[in-house]
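The values are calculated or read from the model by the stated rules, or taken from the named source; none is laboratory data. Everything numeric here is computed off the predicted structure, so don't read it as measured data. Here the Cβ is made from the backbone with ideal geometry for all residues, glycine too, and neighbour counts use every protein chain on show. Surface areas here come from the heavy atoms of the whole protein model, side chains and all, with no ligands, DNA or RNA. Shrake-Rupley method; radii C 1.70, N 1.55, O 1.52, S 1.80 Å.
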Amino acid sequence: MLASHVPSSTYRIQLNQGFRFSDALRILDYLHDLGITDLYLSPVLASRKGSNHGYDVIDPTRVDPDLGSEEEFTLLQTELQNRGMGLLLDIVPNHMAASAENPWWMDLLENGSQSAFAAYFDVDWNSYAPGLQGRILLPTLGRPFGEALESGELKLVYSDGRFFIQYFELLFPVSPRSYYSILNQGVRTLKEALGEENAAYQEYSGILASTLELARGDRRVENAAERRMRFESARDRLRSLANTSPEVARLLKENIAEINGKEGDPASFGRMQRLLAEQNYKLAFWQNLNETINYRRFFTIADLVGVRVEDPIVFEATHGYILRLVARNPAAGLRIDHIDGLRDPLGYLNRLQERLTTDETKSEAPSYVIVEKILAPGEDLPEDWPVSGTTGYDYTNQANGVFVHPDGARQIEEIYSQFIGRRQDFADVLYQKKKLVMSTLLGVEMRTLGRYLSEIAAL
């Protein structure tokens, strides 16, 4: 496919907090003098703080502050154009970070399938695994759940009107339906201390009534938007009241201490266990993730969650901002990370090319897009994909072969065969190891695919 602009030579820069947009700007003249036609940048959207690579995106609607401001990125684009240089941007459509820094993910954990972002992430809400109906398995614990619970490692914490479950540095939001049970504890003590006519007690009673409706799933709360507004209002009122009433602040502290239990007293963790059972997620030992995890991961990396970019709304939410940035430079192109992770690669690429063809360019030629795809021997890139090629793993494999001396390779193979006491055929080893990965590391994904196939066959 002939794109409107095809780079002759690229220079990749790995951006992070140690090498920002401003640093890239300072070496443009040097790169231009070298004959570089296009600057190839690692992902520039907001990723986890301190990320060294940018593939753990937390917010696709803004530039990563670790790399600089949008104004600094715009200046970099302008200076590239002043030198007649293009820009190649790396984007990550397949996944986002399953992190407390990701507001979409946190909203999903808080509100479950009723979250405004429930359709954004590839979650199986109808998992066959016990205890996972309508819940997400989070393999984050360093030891089995019972041990983590009774050691006091799981704690309820309060911050600025909101409750969280804390596990060391990790935070998980508490479901709206759990607020009433947390706040209702000790309310009689507060009434006796302040008096029924006290303004602070009256406000606390109003907050309790509001959270009770959420806990019961009151029919007057008609839709998700109204529930969200009611919940946000209750939290705002709680934050204000806790900041102005010492008695309410003390009650919250006492309630939290009661729920958190006491190490060495297993019976004291009963309330915490019940609270955790109410959440839209299930905390589990990290070594058990390959048995029951029910969201799509990036390979076996559980803190990278799959995104459903096949949904037009999700595509726009995750791509709208970066496409507006790209539109400022007519010589800009995109490198698509992990294209094989997408449900419909062809549909995605067609939609991407449609969005890249802007009125401003007045060009009928498609934009320069390459995909990260490892081609197996004998495999060709699909001819109907509207791309200019791959990122070149297949070429790199061939180029590396130039540096391998055939005689030396045979000697290494002979030494290895003597060491293990047998000769092995590479194709056989490859086949065996693929089966091993499918049955262990990706076992849950294979069982899920098998279940889907069984359901289709039953139709």
* The listed residue being open to solvent by less than 20 Å² (accessible area, probe 1.4 Å) and within 27 Å of Ile322 (Cβ to Cβ), out of Asn102, Asn82 -> Asn102
* Asked: Within the set of pairs 6 or more residues apart or between chains, which connect a residue that is over 28 Å from His95 (Cα atoms) inside segment 20-47 to a residue that is open to solvent by 10 Å² or more (accessible area, probe 1.4 Å) and aromatic (Phe, Trp, Tyr) with Cβ atoms less than 8 Å apart?
  -> Leu31/Tyr11; Leu34/Tyr11; Ile36/Tyr11
* Asked: In this structure, is Thr189 more than 34 Å from the chain's Cα centre (by Cα) and either assigned to a helix (DSSP H, G or I) or closer than 20 Å to Glu147 by Cβ (or both)?
  -> yes
* **Looking only at segment 108-122, and only at residues there that are touching a Phe, Trp or Tyr at 6+ places or on another chain (Cβ under 7 Å) and open to solvent by 20 Å² or more (accessible area, probe 1.4 Å), the one that is modelled with the lowest pLDDT** => Ser113
* Answer with yes or no whether Val92 is buried (at least 22 other Cβ atoms within 10 Å of the Cβ) and out of contact with any helix residue (DSSP H, G or I) (no Cβ under 8 Å at 6 or more places or on another chain). => yes
* Asked: Name the pairs: first residue in segment 163-177 and closer than 17 Å to Phe145 by Cα, second residue crowded, with 21+ Cβ neighbours inside 10 Å and among the β-branched types (Val, Ile, Thr), Cβ to Cβ under 9 Å, at least 6 apart or on different chains?
  -> Ile165/Val174; Leu171/Ile165; Phe172/Ile165
* Checking Asp56 against (1) charged (D, E, K, R); (2) under 23 Å from Val371 (Cβ atoms); (3) surrounded by fewer than 22 Cβ atoms within 10 Å (Cβ to Cβ), which single condition isn't satisfied? -> (3)
* **Any hit, segment 196-210, residues being over 25 Å from the mean Cα position of the chain (by Cα), open to solvent by 20 Å² or more (accessible area, probe 1.4 Å) and on the phi > 0 side of the Ramachandran plot** => no
* To do: Would you be able to say whether some residue in segment 373-385 is open to solvent by less than 20 Å² (accessible area, probe 1.4 Å) and modelled with pLDDT of 95 or more?
  => no
* Filter segment 123-144 down to residues that are at pLDDT below 90 and under 21 Å from the mean Cα position of the chain (by Cα), then give me how many there are. => 3
* Asked: In segment 167-193, what residues are buried (at least 17 other Cβ atoms within 10 Å of the Cβ) and polar (S, T, N, Q)?
  -> Ser175, Ser178, Ser181, Gln185
* First in segment 295-317 and closer than 21 Å to Ala129 by Cβ, second anywhere and hydroxyl-bearing (Ser, Thr, Tyr) and assigned to a strand (DSSP E or B), Cβ under 6 Å, 6 or more apart -> Val305/Tyr295
* Is there any pair with a first residue in segment 439-459 that is farther than 15 Å from Tyr295 by Cβ and a second that is among the β-branched types (Val, Ile, Thr) whose Cβ atoms are under 8 Å apart and which are 6 or more apart or on different chains, and what are they? -> Leu441/Thr300
* **Subset of segment 35-67 (residues that are on the phi > 0 side of the Ramachandran plot and in contact with an Asp or Glu (Cβ under 9 Å, 6 or more places away or on another chain))** => Gly50, Gly54
* For the subset of segment 149-160 comprising residues that are under 25 Å from the mean Cα position of the chain (by Cα) and open to solvent by less than 20 Å² (accessible area, probe 1.4 Å), which member is nearest to Asn111 (Cα to Cα)? -> Leu156
* Asked: Do you know which residues across segment 37-69 are in a strand (DSSP E or B) and touching a helix residue (DSSP H, G or I) at 6+ places or on another chain (Cβ under 9 Å)?
  -> Asp38, Leu39, Leu41, Leu45, Val57, Ile58, Asp59, Pro60, Thr61, Arg62, Val63
* Asked: Name the pairs whose Cβ atoms lie under 9 Å apart, with the first residue in segment 245-268 and free of Cβ contacts under 8 Å to residues at least 24 places away in the same chain and assigned to a helix (DSSP H, G or I), the second surrounded by fewer than 20 Cβ atoms within 10 Å (Cβ to Cβ) and among the polar types (S, T, N, Q), and 6 or more positions between them or separate chains?
  -> Ala249/Asn243; Ser268/Asn260
* Restricting the search to segment 1-45, which residues are crowded, with 17+ Cβ neighbours inside 10 Å, under 17 Å from Phe73 (Cβ atoms) and either of a type in the set (Val, Ile, Thr) or touching a Pro at 6+ places or on another chain (Cβ under 6 Å) (or both)? -> Asp38, Val44, Leu45
* To do: Tally the residues that are surrounded by fewer than 20 Cβ atoms within 10 Å (Cβ to Cβ) and hydroxyl-bearing (Ser, Thr, Tyr), restricting the search to segment 302-332.
  => 1
* Structure fact -> Within segment 418-455, the residues that are among the hydroxyl-bearing types (Ser, Thr, Tyr) and open to solvent by 100 Å² or more (accessible area, probe 1.4 Å) are Tyr431
